[in-house]
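The values are calculated or read from the model by the stated rules, or taken from the named source; none is laboratory data. Just so you know, these numbers come straight off a predicted model, no measurement behind them. Here the Cβ is made from the backbone with ideal geometry for all residues, glycine too, and neighbour counts use every protein chain on show.
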Amino acid sequence: MYERELEPGEFVCTWLSGFSPRPSNFDFTVENRATGMGVEESADRPRAQPSRAGI
């Protein structure tokens, strides 16, 4: 959740990680409930670059 709306040209980037090496920790969804838009990722190993950006 952002404290304010992002201005044009601004972005946010964050690192995502699980709690253990189990594959279930590499299955997640990030969703904007107001718009219904989202992304789901699923893998059997950690991401090489576990980040997600908000633009």
Pair list, Cβ under 7 Å, 6 or more apart: region 7-22 residue assigned to a loop (DSSP other than H, G, I, E, B), other residue at pLDDT below 75: F11/A53; F11/G54; F11/I55; L16/P50; L16/S51; L16/R52; S17/P50
Single unsatisfied condition, T35 versus (1) hydroxyl-bearing (S, T, Y); (2) touching a Gly at 6+ places or on another chain (Cβ under 9 Å); (3) at pLDDT 80 or above: (2)
Residue within region 22-32 that is modelled with pLDDT under 75 and exposed (fewer than 10 other Cβ atoms within 10 Å of the Cβ) present: no
